[in-house]
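Beneath this line is the structure, given in structure tokens, with notes to follow.
The values are calculated or read from the model by the stated rules, or taken from the named source; none is laboratory data. Here the structure is a predicted model, which is why all the values come from computation and not from measurement. Every residue, glycine as well, gets a Cβ built from its backbone with ideal geometry; the counts of neighbours run over all protein chains shown. Heads up: the accessible areas ignore ligands, DNA and RNA and are worked out on the full protein's heavy atoms, side chains in. Shrake-Rupley method; radii C 1.70, N 1.55, O 1.52, S 1.80 Å.
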Amino acid sequence: MEKQNSTLINNKVFLDKLLRIMLPIAFQNLMLASVAAADALMLGGLQQNFMSAVSLATQIQFVQNMFVTSIVAVEGILGAQYWGKKDLESLNKIFNITLKFSFLISLLFFLACMFFPRGLMIIFTDQPDLIEIGSEYLKIAGWSYLLTGISQCYLGMMKVSDHPGKTALISSCTVVVNIVLNGVFIFGLFGMPELGPRGAALATLLSRVFELVWAVACSYKKNYIYPKLKYFFCRYGVLLWDFVKVLGPLIGAFLFWGVGFTSYNAFMGHLGADVTAANSVAAVVRDLCCCFCNGLCTAAGIVIGNELGAGNLELGKAYGDKILKIGFVCSGIISLVMLGLSPIVSHTVKLSDGAGKILTGMMLVNSVYMFGRSLNTIVINGIFDCGGDTLFDMYSLAICMWGLAVPLAALGTFVFHWPALVVYACTCIDEVGKIPWVMHHYKKYKWVQDLTR
């Protein structure tokens with residue numbers, strides 16, 4: 001069957017389409033990952049408390065992003081299929097549904113930041129100085145959270161409607177604007193007052209205004225999709241039910257994943273300052289290495305989803321088999337890159353001797369972890385999700401992360417007092433351990449579904 005499926009594929013057409021979507025999105029992810037690094041470097045250069053407070057305050061946006069990303073992911077899943085079917089009316093309705101859900105969620109977080117910033121900061125710290133700094137940051141940054149929820153809907157629609165390059169351009173330019181304005185407002189360049197953390201929030205807000213205006217303006221150009229007002233207030237019927245049915249498991253999966261990773265950071269924080277510092281550096285490197293597999297994941301979902309929505313189920317299945325092979329190769333390369341970066345990072349970042357040794361060990365663990373993380377991201381979030389098979393992600397996280405990795409790491413930290421690297425390895429075991437399960441589920445081909453009506 002696999003050999004028969006491979007004959008369906010025009011390799012040149014397939015690779016051209018995959019790379020045309022994947023490369024801009026991978027670059028976009030890389031640029032977005034650089035914003036957090038720039039904030040940390042600039043604020044840390046002024047005062048450690050500035051960096052710490054803003055780092056804690058941005059956890060609010062991290063939680064918001066879990067919801068918004070889930071909503072925009074459904075836009076991508078259903079949108080890719082309806083785009084493949086050339087059903088622009090349903091695509092526009094999906095766009096409007098996405099905007100409604102995302103706006104309501106973003107509005108809640110915006111109101112919380114405006115009226116209860118101190119209450120939000122108290123969740124993460126009991127230090128008065130950090131609470132005060134973080135509260136001032138949230139009062140300004142909260143406006144950007146509202147705008148981000150809207151702009152991500154526009155950018156998500158551009159990806160599925162064959163404009164990934166424009167999406168990457170808008171996001172990348174927004175990152176550049178953000179970093180430049182960071183320097184201007186944080187340090188008070190060009191005669192501006194030195195605003196510190198408030199400057200970082202103001203730079204984020206202005207860059208998000210820039211992003212939203214550009215995205216909205218682009219949506220009205222020829223061959224782009226813009227949300228028609230008549231579909232904003234219409235009855236969506238079964239299409240709304242399809243949206244909610246796909247969204248539920250995705251939100252569950254993101255919450256399992258987000259709370260799990262927050263728990264991992266808490267465990268590292270209880271193992272000492274050296275472990276915390278090493279974990280912070282390892283996390284940045286890991287996020288940068290994830291950009292490529294995230295790009296391939298998004299491209300896989302769009303390419304396969306287009307064919308499934310067009311009714312070409314066998315071709316979509318063949319594309320899945322092809323991308324699975326590419327996923328194995330790319331995951332191996334990412335793993336080797338992580339291993340190769342280990343001595344470079346250890347010699348570049350200034351850490352204590354103890355933290356440096358721990359970082360070296362964490363990088364070695366990550367070289368194994370990244371193989372599983374990359375492959376599972378491509379298969380679960382790319383291939384499975386594009387056919388509406390979103391439930392697997394949620395229950396695989398519930399079992400492998402919450403039934404295995406989190407309990408082991410918690411016991412190692414608080415009960416058995418295992419060495420830091422053993423605890424760290426426990427936090428990484430879930431991605432590697434579930435590879436056989438993911439492959440078994442893949443071969444059931446439950447993800448080969450036409451979700452269009």
Sort 220-229, 317-326 for me by packing, meaning the mean count of neighbouring Cβ atoms within 10 Å per residue, highest on top.
317-326, 220-229
Just how much of PHE416 is accessible, in Å², when a 1.4 Å probe is used and the result is rounded to the nearest 10?
110
Positive-end extreme of charge dipole, the chain - chosen from SER207, PHE62, GLY412 (charges on Cβ):
SER207
Leaving out same-chain residues fewer than 8 places away, which aspartates and glutamates sit with a Cα under 16 Å from that of LYS322?
GLU2, ASP16, GLU307, GLU314
Once mean projected area of the Cα convex hull in nm² is worked out from the coordinates, which option in [x] 21.7; [y] 20.7; [z] 29.2 does it equal?
[x]
Burial-style ranking of 239-247, 71-79, average other-beta-carbon count within 10 Å with highest first, yields 71-79, 239-247
Probe 1.4 Å, all chains present, heavy atoms only: PHE371 accessible area in Å², nearest 10, is 60
Out of the total accessible area of segment 326-421 (probe 1.4 Å, heavy atoms of protein only), what percent is carbon and sulfur?
76
Which whole-number percent gives the relative contact order of the chain, counting Cα pairs below 8 Å spaced six or more residues apart?
22
Packing rank of 193-205, 107-119, where each peptide gets the mean count of other beta carbons within 10 Å, highest leading:
193-205, 107-119
Largest first, how would VAL13, VAL285 line up by accessible area (1.4 Å probe)?
VAL13, VAL285
Along the positive direction of the dipole of the chain (beta-carbon charges: Lys, Arg +1; Asp, Glu -1; about the Cα centre), which of MET42, TYR319, ILE25 reaches farthest?
TYR319
Between segment 106-120 and segment 383-402, the Cα center-to-center distance that results, in Å:
31
Do any of LYS317/LYS446; LYS325/LYS443; LYS17/LYS222; LYS93/LYS159; LYS159/LYS222 go past 18 Å between their Cα atoms, and which?
LYS17/LYS222
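Give the ranking of ASP450, ASP353, ASP129 by solvent-accessible surface, highest area first, calculated with a 1.4 Å probe.
ASP353, ASP129, ASP450
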Per DSSP H run of at least 4 residues, take -39500 (n - 2.57); add these up for the chain, divide by its residues and hand me the 222 nm value, nearest 500 deg cm²/dmol.
-27500 deg cm²/dmol
Among LEU341, PHE109, TYR226, whose Cα sits farthest toward the positive end of the charge dipole of the chain (+1 at Cβ of Lys/Arg, -1 at Cβ of Asp/Glu, about the Cα centre)?
TYR226
Below 14 angstrom from the Cβ of VAL281, what's the summed charge of the other residues (Lys, Arg +1; Asp, Glu -1)?
+1
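Rounded to the nearest 20 Debye, what is the dipole magnitude of the chain about its Cα centre when Lys and Arg each give +1 and Asp and Glu each give -1 at the C-beta?
So the magnitude is around 1280 debye.
Which whole-number value in Å² is the accessible area per residue of the chain, probe 1.4 Å?
43
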